[in-house]
Amino acid sequence: MGFTVLDETLYAYVPHLSLGFTRVAGHGVPLDSDGEPLYFQAVLTGPAGYYDFMVAEG
């Protein structure tokens, strides 16, 4: 659909959808080969334009 996913270490953002994902987790979750949690642990849904500043900085 043409959306840009900005991936920063433990967080990923989709600016024009105002979605943010994190793999930061507590203990006892399955880990990927890189040592980070295998799945996203939380999703932030923000108001329209919430992450748009991320595109302007990039």
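In the assembled protein chains, Asp7 presents an accessible area of approximately 120 Å² (probe radius 1.4 Å). Averaging the Cα positions of each part gives two centres, and for region 3-17 and region 22-38 these lie 18 Å apart. Its residue count N fixes a reference of 2.2 N^0.38 Å for the chain, and the Cα radius of gyration divided by that reference is 1.24.
Counting only protein chains, not ligands or nucleic acids, how are Thr4, Thr45 ordered by accessible area (probe 1.4 Å), most first?
Numbers: Thr4 75, Thr45 105 Å².
Descending order: Thr45, Thr4.
Rolling a 1.4 Å probe over the protein chains gives Met54 an accessible area of about 30 Å².
Note on the chain: helix-only mean residue ellipticity at 222 nm, from DSSP H runs of 4+ residues weighted -39500 (n - 2.57) and normalised by residue number, equals -2500 deg cm²/dmol.
Over all other residues within a Cβ to Cβ distance under 11 Å of Thr22, the charged ones net out to -1, with Lys and Arg as +1 and Asp and Glu as -1. Annotation for the chain: chymotrypsin sites (Phe, Trp or Tyr not before Pro) lying in DSSP loop with at most 12 further Cβ atoms inside 10 Å of their Cβ are Phe3, Tyr39.
The values are calculated or read from the model by the stated rules, or taken from the named source; none is laboratory data. Predicted model, so just to flag it, every value in this text is computed and none were measured. Every residue, glycine as well, gets a Cβ built from its backbone with ideal geometry; the counts of neighbours run over all protein chains shown. Protein only, heavy atoms only, side chains kept; ligands, DNA and RNA dropped before computing areas. Shrake-Rupley method; radii C 1.70, N 1.55, O 1.52, S 1.80 Å.
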